[in-house]
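Notes follow once the structure below has been shown.
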Amino acid sequence: MFENGNAIAQFRGPWGVRVEIDQSILLLIGLFIYISLGGNLLEVLIFAAMLVGSIFLHELGHAWGCVVQGVPVRRVVIHGGGGFCEHATSTQPRQEELITAMGPLVNLAIWALCGILSWLVWTFLPAMFGPNIGMAFFAIELLHYVALLGWINLALFAFNLIPVQPLDGGKLFHLLTLRLLSQHLAQRVTGAVGLVFSLIWIPAAIYVYVTFGFLLFFLPSPRAHYRMMRGDLVF
């Protein structure tokens, strides 16, 4: 629903890749500001910046997977529902495996780095600041945001590995089945698995919202997965 929006900004990212910021990102920012009413606006905006930045790095991971295999990247788009990396030419399944996997792996790497940094600071905090209580409190506050960044990326890693289309997990599952089954059967198995997950998605999303207060903007299509299971549709 966001792929045909209008870019409000664009720039050249790493490897000369064109990065577009879709106008729907304004809706996301507005939602975060609305959520912050009566609360801490700064905290909410920092969370939003971390989330958008993590999505951006996720998509750059896909772009890197293209670049190292000689696949030209048309653009990377960041929008209100996430983002996508669009390559300019068709790819082979083996190439697509690396391209698809690199997005979640970037998020996993960020989570690991945040964990290592937190451990180092906590371990050496007394030696670093000694009796300087002010600096120690500043370091602890900074660690709060480092931990938040880590958990955001761990959540993005787990979310993107759910085997529904068009998430990375659905694409990776399809690529894995292509290694084991014929193309037609792999498509039908991928559709069947995606159909199961898409049917339980709504109650799961309600549970996540009620329990954690987090609203999922993505909704997989049971109809599309059913058609894929029947062999009528290829994502």
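Based on the Stokes-Einstein relation at 20 °C and a viscosity of 1.002 mPa s, and on the Kirkwood radius from alpha carbon pairs, the chain is assigned a translational diffusion coefficient of 109 µm²/s.
Across the accessible surface of the chain, with the other protein chains kept in place and a 1.4 Å probe, carbon and sulfur atoms take up 70 percent.
Applying 1/(1 + (r/R0)^6) with R0 = 25 Å to the Cβ-Cβ distance of Leu185 and Ser90, what FRET efficiency is obtained, to the nearest 0.05? Present the calculation step by step, with values, prior to reporting the outcome.
Working: r = 22 Å, r/R0 = 0.87.
The pair Leu185/Ser90 has a calculated efficiency of 0.70.
Cα centroids of the stretch 165-183 and the stretch 64-120: 17 Å apart. Against the chain, whose longest principal axis comes from its Cα atoms, helix 93-129 is set at around 10 degrees. Spin-label model, Leu120/Arg223: points 7 Å from Cα along the beta carbon direction are separated by 5.2 nm. Using only side-chain charges placed at the Cβ, +1 for Lys and Arg and -1 for Asp and Glu, the dipole size of the stretch 133-235 relative to its Cα centre rounds to 500 debye.
Taking label positions 7 Å along the Cα-Cβ direction at both Leu199 and Val146, the computed distance is 4.6 nm, reported to one decimal.
Run through the DSSP bridge list for the chain and note the antiparallel percent, rounded to the nearest 5. Display every interim value, and only then the final one.
Working: 11 of 14 bridges.
Percent antiparallel among DSSP bridges in the chain is about 80.
Computed over protein heavy atoms with a 1.4 angstrom probe, the accessible surface ordering of His144, His87, His79, largest first, is His144, His87, His79. This model, with +1 at the C-beta of Lys and Arg and -1 at the C-beta of Asp and Glu, gives the chain a dipole about its Cα centre of some 600 debye.
Under a point-charge model restricted to the Cβ atoms of Lys and Arg (+1) and Asp and Glu (-1), what is the dipole moment magnitude of the stretch 22-98 relative to its Cα centre, in debye to the nearest 20?
On the way: 3 positive and 6 negative charges, 24 e Å.
Using Cβ point charges on Lys, Arg, Asp and Glu, the stretch 22-98 gives about 120 debye.
The values are calculated or read from the model by the stated rules, or taken from the named source; none is laboratory data. What you are looking at is a predicted structure, and each value in this text was computed from that prediction instead of being measured. Ideal geometry is used to build each Cβ from the backbone, glycine not excepted, and the neighbour counts take in all protein chains shown. These accessible areas exclude ligands, DNA and RNA; they are computed on the full protein's heavy atoms, side chains included. Shrake-Rupley method; radii C 1.70, N 1.55, O 1.52, S 1.80 Å.
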